[in-house]
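S.K.: Here it is, the structure in full.
The values are calculated or read from the model by the stated rules, or taken from the named source; none is laboratory data. Predicted, not measured: the structure shown is a model, and the values here were computed from it. Cβ atoms come from the backbone with ideal geometry, glycine included; neighbour counts cover every protein chain shown. SASA here: full protein model, heavy atoms, side chains in, ligands and nucleic acids out. Shrake-Rupley method; radii C 1.70, N 1.55, O 1.52, S 1.80 Å.
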Number of protein chains: 2
Amino acid sequence: MTTINAPHRLYLHEDEMPTRWYNLRAGMKELPDPMLLPDGTEAQEEHLYPVFCKALAHQEMDSATEYVDIPEEVLSIYKVYRPSPLCRAYDLEKYLGTPARIYYKFEGNNTSGSHKLNSAVAQAYYAKAEGLTGITTETGAGQWGTALAEAARYFGLDLIVYMVKVSAEQKPFRKIMMETFEAKVLASPSDTTNVGRALLEADPDNSGSLGTAISEAIEVAVTTEGYRYVLGSVLNQVLLHQSIIGLETELAFEKLGEYPDVIVGCTGGGSNLGGLIAPFMRDKIAGKKDVRVVAVEPASCPSFTRGEYAYDFCDTGKTTPLARMYTLGSGFRPSANHAGGLRYHGMSPILSKLYHDGYMEAVSVEQSPVFEAAKLFSRLETILPAPESSHAIKATIDEALRCKETGEEKTILFGLTGTGYFDLNAYDQYNKGTMTDRVPTDDDLMKSLKDLPQIGA
Amino acid sequence: MTTINAPHRLYLHEDEMPTRWYNLRAGMKELPDPMLLPDGTEAQEEHLYPVFCKALAHQEMDSATEYVDIPEEVLSIYKVYRPSPLCRAYDLEKYLGTPARIYYKFEGNNTSGSHKLNSAVAQAYYAKAEGLTGITTETGAGQWGTALAEAARYFGLDLIVYMVKVSAEQKPFRKIMMETFEAKVLASPSDTTNVGRALLEADPDNSGSLGTAISEAIEVAVTTEGYRYVLGSVLNQVLLHQSIIGLETELAFEKLGEYPDVIVGCTGGGSNLGGLIAPFMRDKIAGKKDVRVVAVEPASCPSFTRGEYAYDFCDTGKTTPLARMYTLGSGFRPSANHAGGLRYHGMSPILSKLYHDGYMEAVSVEQSPVFEAAKLFSRLETILPAPESSHAIKATIDEALRCKETGEEKTILFGLTGTGYFDLNAYDQYNKGTMTDRVPTDDDLMKSLKDLPQIGA
């Protein structure tokens, strides 16, 4: 068996941290289809100015620039919690009896508990640099909201977070975390927006969705002086910021003399996997190296594996431009029994294009086996993984067990996006055997996909 | 100003991790007074065998051995989550405008979220090595219980945790964490022990105390075949295991060309501070180096600053041998409004002796300023500190502000023992302005101190 002298946790020195983000689009043979306005014409950078601050609108539309300098102030915050460790799961390998080498990039060592802080810091920085006074956003499971609250507080920006009502009720601690950073947290749908009021009028018990919370946050951003909207996943700009994950990983692997054969990552909107694969996909597209990339999604929200590659709105209120992506329809809502995030109806247009063009694979997994994998991991690796991240753990274990059968010494890398301290009710359900799995029926999907806009199709 | 080229987070390589614990007693000019049996005679190692496994009973009584080899299996688990980072709080220094250099050793990067895992792994290892099948313990805030659940699960030991009833009710997530690692968690007082039944008979609403939970856990340990009891603080053996914190810190400081002028640590039973100072106190006692050591305790449980240095029981049920320590009386219970741990009536006999002999200082702080410091820290350092650790943050800030006045470039080191993800209700109280401070009156203390045993006095 090949011996690689990897420590359990490999930390780069902060001076080795990459100082530029990598723009995955710059290396793609074919670009993702352009964003469209509701009338079917191509959206331009200026069309985004009412929603995003200018620097971020530019990053959203800029497919050409290969590397983007990370601003000094962003770097100085990154250095407080980064570089994040590249970990070798020796005990998991041993437990599984696999010849595969299992690595994971762990992004949970910061207060927000996830990789979301990487983009939150960047987005808050640019908003502040342009003289904005406040930002709005939505949050589901709460990781993004927490990260952004932290970043906004750092730069002295006001922040309004629309939190999916059912999450706000189930996760009061997430709300307190955000409030500890002075964010204003409103359960969505709320009576503070036209979108929210209309939904509440139709159904006072509406428990909310990510798509609705996005609509509310955008409405407030575009109607409040000095405010803009920010989003924690899906967007091209977010994948750009998250490339720091992959760039650090690439460097750490170089030090070890390793290169991944397979990269596994969970996908809700795609920010983690898009960031993790950035430099590896660059080399794969360029034909320099080969790596299999596996996106793992919950069976209850299967955008890649059962969705359509089509133009769709990014929000339920249908107020955003249209993006071509794998989608379940903007009205799709995963079953309420699904724990954690990964509930978005669509998917990063960049990842969607890569998947469509055959550069990556996707699998879906049900949540009980995901929690079984999470529990195994927690007792071997002294990290309690977030349910989201645990999708990747489950798929990694499956891959490692296949290596056991074939005897292949594959190098497997997965993204451990965060910790599960706020998801203990879900762990409790699993411990007690009351966790259920529910996947949408074909009829469910047909209904929500029927609603796809007929534009750009 | 002196320039020290410290990274924000200094991680030693795992190969640099110390392979021996340091026994603080071996360097002391005068040893702590011996443990006594209730009849006033000196306890011998054998007297502890019914309670502790033999290796740990030996460590408890062995004042002579200077360095103890860390067993291979313990080292291999340490390497999964250690060495822990020595962090430089640049942003806090800048915010305070202090010429002091502020460092902290952060122990929160493991599932248990605190330094407690260092001793839990060791104690579970020795129990397993002697062929025991189970262990019992108590937990208050829940950090120790979580750490031990993790360690027991790793070694395949059964674990029963008596959790102070009020904590079990206020912190359901801590209970779920322990159950996720297959521990059996019982609210104390319970109907499973004589001690518990007697207390419940007298008062069915008894909300429990750490001292009571200890009595219950010991009762079960000594009456169950193949079981022993383990404790997360106070004991000499625990300070021995926690010396890994200080030994790593010493090495990291050597690399930086630094040496602390002041070491600050929170103290409940003393395990964190005792571990952090180990090598520095060794050199101070030997006259090789000088360092001020400041213990920080909550004003609501002021063992050092308002207790007596006397022989006392370690539990409320008065079933343990007697230790000479700073104590508020074994019947003392801090006000229910006090958040977090640091609620023990006594104090490590080693630290008590050092304090008594003038090798260290102690201060007490009220909890509102502690949470103010915690909030400031969280937004500057991207770590949400545990309330316990935040006592040290508060005292460190005070020290750094004194340096600002005097212009002294002191090197301050404090112990950041863990994260506060399970303490958000307390943060919420602070955010809402409903947090209260309550310190015991002189009358309160007189009452609980009147009950001190008249033995060995």
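S.K.: Can you bin region B:334-446 into rounded, prolate or oblate? Criterion: square roots of the alpha carbon gyration tensor eigenvalues sorted a ≥ b ≥ c, rounded for a/c under 1.5, prolate for a/b above b/c, oblate for the rest.
M.R.: It is oblate, given that a/c is not under 1.5 and a/b is not larger than b/c.
S.K.: Can you give me the % of accessible surface on the protein assembly as shown that is carbon or sulfur? Probe 1.4 Å, all protein chains present, nothing else counted.
M.R.: Heavy-atom surface of the protein assembly as shown belonging to carbon and sulfur, 1.4 Å probe: 48 percent.
S.K.: On a 32 Å Cα-Cα criterion, which of the cross-link pairs A:LYS29/A:LYS375; A:LYS375/A:LYS410; B:LYS289/B:LYS394; B:LYS165/B:LYS394; A:LYS404/B:LYS128 come out too long?
M.R.: A:LYS29/A:LYS375
S.K.: Now a separate question. Could you pull out every residue, at least 5 positions away or on a different chain, whose amide H is within less than 5 Å of the one on A:SER188? Hs are placed 1.01 Å off N in the peptide plane, and Pro or chain starts have none.
M.R.: A:MET163, A:VAL164, A:LYS165
S.K.: Distances from B:ASP357 to the same position in the other copies: list them in nm, one decimal, shortest first, using label points 7 Å from Cα along Cα→Cβ.
M.R.: Here the equivalent label points are 7.2 nm apart from this one.
S.K.: Right, next: Out of every Cα-Cα pair in chain A, what percent are more than 27 Å apart?
M.R.: Counting pairs separated by more than 27 Å, the tail of P(r) holds 49 percent.
S.K.: Compute, for chain B, the length of the dipole vector about the Cα centre, with Cβ point charges of +1 (Lys, Arg) and -1 (Asp, Glu) only. Units Debye, rounded to 20.
M.R.: My answer is approximately 840 debye.
S.K.: Also, quick follow-up: What residues have an amide H closer than 5 Å to that of B:ARG20, excluding those fewer than 5 places away on the same chain, when H is modeled at 1.01 Å from N in the peptide plane?
M.R.: So B:ARG20 has HN proximity to B:ILE70.
S.K.: Which order do you get for A:ARG438, A:ARG282, B:ARG88 if you rank them by accessible area with a 1.4 Å probe, largest at the top?
M.R.: Result, largest first: A:ARG438, A:ARG282, B:ARG88.
S.K.: Further question on the same structure: So for the protein assembly as shown: antiparallel DSSP bridges make up what percent, rounded to the nearest 5?
M.R.: In the protein assembly as shown, DSSP labels about 35 percent of beta bridges as antiparallel.
S.K.: Set the Förster distance to 25 Å, then compute FRET efficiency between B:ILE285 and B:GLU254 from the Cβ-Cβ distance, nearest 0.05.
M.R.: My answer for the efficiency is 0.85.
S.K.: Now for a different question. How far apart, in nm, are two points set 7 Å out from the Cα along the Cα-to-Cβ line at B:MET446 and at B:ASP357?
M.R.: So the label points at B:MET446 and B:ASP357 sit 3.4 nm apart.
S.K.: Across region A:157-168, in residue order, what do the Karplus-derived ³J(HN,Hα) couplings come to in whole Hz, using 6.51 cos²θ - 1.76 cosθ + 1.60 with θ = phi - 60° and x for Gly and Pro?
M.R.: Karplus values, whole Hz, x for Gly and Pro: 9, 6, 9, 10, 10, 8, 10, 3, 3, 4, 5, 4.
S.K.: Where does the charge balance sit around A:SER300 when Lys and Arg score +1, Asp and Glu -1, over other residues with C-beta under 11 Å from its C-beta?
M.R.: It works out to a net charge of 0.
S.K.: Using a probe radius of 1.4 Å on heavy atoms only, what accessible surface per residue do you get for region B:277-362? Whole Å² is fine.
M.R.: Counting only protein heavy atoms, the per-residue value for region B:277-362 is 29 Å².
S.K.: Could you compute the net charge surrounding B:TYR311? Neighbours are other residues with a C-beta less than 11 Å from the C-beta of B:TYR311; K and R count +1, D and E count -1.
M.R.: Residues close to B:TYR311 contribute a combined charge of -2.
S.K.: Right, something else. Output, in nm with one decimal and in ascending order, the distances from the B:GLY97 label point to the matching label points of the other copies (7 Å from Cα along Cα-to-Cβ).
M.R.: 6.7
S.K.: Still on this structure: Compute the distance from the alpha-carbon center of region A:69-87 to that of region B:83-150, in whole Å.
M.R.: Here the two parts' Cα centres lie 25 Å apart.
S.K.: Testing the spin-label approximation: label points 7 Å from Cα along Cα→Cβ at B:LEU200 and A:LYS184. State their distance in nm.
M.R.: With each label placed 7 Å out from Cα toward Cβ, I get 4.9 nm.
S.K.: What is the extension gain from B:GLU30 to B:THR133, computed as 0.36 nm multiplied by their sequence separation minus the C-alpha to C-alpha distance, in nm to one decimal?
M.R.: Computed gain between B:GLU30 and B:THR133 is 33.3 nm.
S.K.: Sum up the charges of everything whose Cβ sits under 12 Å from the Cβ of B:TYR125, counting Lys and Arg as +1 and Asp and Glu as -1, but leave B:TYR125 out.
M.R.: Charge balance in the 12 Å sphere: -2.
S.K.: Filter chain B for me: DSSP H helices, axial length by Cα at least 24 angstrom, mean Kyte-Doolittle hydropathy not below 0.0. List them by residue number.
M.R.: Taking the DSSP H segments of chain B (at least 24 Å long, mean hydropathy at least 0.0), we get B:236-256.
S.K.: Now for a different question. Accessible area lost on pairing B with A, both sides, 1.4 Å probe, Å² to nearest 100?
M.R.: Protein heavy atoms only, the B-A interface buries about 4000 Å².
S.K.: Turning to a different aspect of this structure: Positive end of the charge dipole of chain B (Lys, Arg +1 and Asp, Glu -1 on Cβ, about the Cα centre): tell me which of B:TYR359, B:GLY307, B:PRO83 has its Cα farthest that way.
M.R.: The listed residue farthest towards the positive side: B:PRO83.
S.K.: List, shortest first and in nm to one decimal, how far the label point of A:VAL166 (7 Å from Cα along Cα→Cβ) is from its counterparts in the other copies.
M.R.: Result for A:VAL166, in nm, nearest copy first: 3.7.
S.K.: Then there's this: Given the C-alpha centroids of region A:368-384 and region A:1-49, what is the distance between them in whole angstrom?
M.R.: Cα centroid to Cα centroid, the span is 29 Å.
S.K.: Would you mind pulling out the separation of the Cα centroids of region B:297-325 and region B:208-253, in Å?
M.R.: If we compute the Cα centre of each part, the gap is 16 Å.
S.K.: Same structure again: Run through region B:159-240 and list the GluC sites (Glu not before Pro) located in a DSSP loop whose Cβ has at most 16 other Cβ atoms within 10 Å.
M.R.: Hits after loop and neighbour filter: B:GLU182, B:GLU225.
S.K.: Obtain the nm distance between the two label points defined at B:THR223 and A:ALA64 by a simple spin-label model: each point lies 7 Å from its Cα along the Cα-to-C-beta direction.
M.R.: 8.1
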